[in-house]
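FYI, it's all coordinate maths here, none of it is from the lab. Fair warning: this is a prediction, and the values are worked out from it, not measured in the lab. Cβ coordinates were reconstructed from backbone atoms using ideal geometry, including for glycine residues, and neighbour counts include every protein chain displayed.
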Amino acid sequence: MRVEQGCLLRIYIGEGDKHAGRPLYEWIITQAHARQLSGATVYRGLMGFGPHTRVIHTFKIERLAEDLPITIDIIDRRDKVEEFLTWIEQQVASDLFATIQTIELRSIERRPG
């Protein structure tokens, strides 16, 4: 097992946020992949609000099309995460809220057999 210091970038956006006509979360994940960051996952929230929200967005059967919260987790070395976040901030017109945490990255390789 290989262990190294890493970083978790967590970006909070709305499901309805767009960039160049496509969902912002898709665009961010595509950009992270193109820049060969170690990993990324998108989570769709059941309920939430942001700093500019007037109502709490929630998942209910009668409101399936509402703008639910989206969280994007991206992991890699701190320098790559900081560089990526700076680049994203320059590209995106939407408001973003992001956090960065120091984490321990563990690479566990499969054993043959």
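For the peptides 100-106, 9-15, the ranking by packing is 9-15, 100-106, with the highest mean count of neighbouring Cβ atoms within 10 Å listed first. For HIS19, the residues whose amide H sits under 5 Å from its own are LEU24, ignoring neighbours fewer than 5 places away on the same chain, with H placed 1.01 Å from N.
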